[in-house]
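Here, each number is a calculation from the coordinates, and none is a lab measurement. What you are looking at is a predicted structure, and each value in this text was computed from that prediction instead of being measured. Cβ placement follows ideal geometry from the backbone for every residue including glycine, while neighbour counts extend to all protein chains displayed.
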Amino acid sequence: PSMKREQSLNIEKLTWNDIGGLEDVKKKIRQAVEWPLIYKDSYRRLGLNPAKGILLYGPPGCSKTTLVKIIANTSHASFFMISCASLYSSFVGDSEKLVRNIFQKARASSPAVVFIDEVDAIVGRRGIGSNGTSDSVQERILSMLLNELDGIEAISSVLIVGATNRPDLIDAALLRSGRFDQIIYVPPPDYEGRIKILDIYTKNMPISKDVKLDRIAKKTELYTGADIQNLCREAAIIALRKLQNVEYVEMDDFTAALQIVKPSLSLEMVNQY
Ligand code: ATP
């Protein structure tokens, strides 16, 4: 594995305003992350321990990854990421080393946020290892993670944030208090949220007066934030195709884009959470 992967990642300068809707989610996250920093003395006085781990769960494409980047950004923390892809691409036996290294680096450059994407796939659930043996890589990574979360130095300012689409597959040990103490559902955007997301992605786009974002929001039930982002891009491309020196994206372009960009969620998917 290259050295680069073990270093803190540069993340775009994202802020809370880059996420449309999800006001409750943002508030919960900010409370968990920012309060212990801002009210450090009060926390100590009250014997409160800051959250060590936060688990974000919900359907794909609804900004879990983006939220974690914003946490790191706004708390001026370095950002590290452990993903399934990075583990699979490392040599057999090296994945544990990779994980251990990331935690070492994170502690050395704290405050730090370690993001574990698809945490269900990385640590699975004990007892259901793919090959049935008791020391599968998944299990060893799980016990490493438990060690980190139980970390001797509770004061080391490393926050672990996991994301998953399948909270039902998370080992119960990880959910016990003092580990992932905050478990937060990141839902698909509701009507108000979709208007805000449309606002964000048309902010820098010249749109004609006939474009009614509330009407588009009504037609985009079960669209994720990512789908809405695609929809706006598609509408602009349709406009451009009509006329190369097009000045405005019109409602017709959005209507046409709705035929092309379909929702990636289904009621069944959403109801499982
Ligand atoms: P996955 O589970 O597939 O990793 P995710 O929940 O982590 O998905 P992101 O990768 O954060 O989702 O989001 C995908 C894209 O959609 C990003 O570019 C993100 O900015 C955009 N997006 C999703 N939800 C919103 C939102 N509420 N407001 C603005 N942009 C959003």
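Below is a table of values for the structure above.
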| read-out | value |
| --- | --- |
| Value of Rg/Rh across the chain [Cα atoms, Kirkwood radius] | 1.03 |
| Straight-distance crosslink candidates among lysines, where the alpha carbon sits under 25 Å from Lys52 and sequence neighbours closer than 8 are dropped | Lys13, Lys26, Lys27, Lys28, Lys40, Lys64, Lys69, Lys97, Lys105 |
| GNM flexibility winner over the chain from Ser208, Ser75, Ser143 (Cα, springs under 10 Å) | Ser208 |
| Added length on full extension, which subtracts the Cα-Cα distance from 0.36 nm per residue, Asn17 to Tyr191 | 60.9 nm |
| Nonlocal amide H pairs with Ile82, under 5 Å, H built at 1.01 Å | Phe115, Ile116, Asp117 |
| Built amide H within the under 5 Å cut-off of Ile183, gap 5+ | Leu55 |
| Value of [θ]222 nm, deg cm²/dmol, for the chain, DSSP H segments ≥ 4, -39500 (n - 2.57) each, nearest 500 | -13500 deg cm²/dmol |
| Most mobile of Gln31, Gln104, Gln244 in a GNM of the chain (Cα contacts under 10 Å) | Gln244 |
| 3J(HN,Hα) from dihedral phi, the range 265-273, Karplus parametrisation 6.51/-1.76/1.60, rounded to Hz, x for glycine, proline | 9, 10, 4, 4, 4, 5, 6, 6, 8 |
| Dipole in debye (nearest 20) - the chain, about Cα centre, beta carbon charges: Lys, Arg +1; Asp, Glu -1 | 500 debye |
| Choice from Ala85, Ala236, Ala112 with maximal GNM fluctuation in the chain (Cα, 10 Å cutoff) | Ala85 |
| Difference of contour (0.36 nm per residue) and Cα-Cα distance, Arg45 to Arg233 | 62.6 nm |
| Principal-axis tilt of helix 64-74 within the chain, Cα atoms, nearest 10 degrees | 70 degrees |
| Fraction in percent of alpha-carbon pairs per bin - 5 Å, the range 148-234 | 2, 11, 19, 14, 10, 9, 10, 10, 8, 4, 2, 0 |
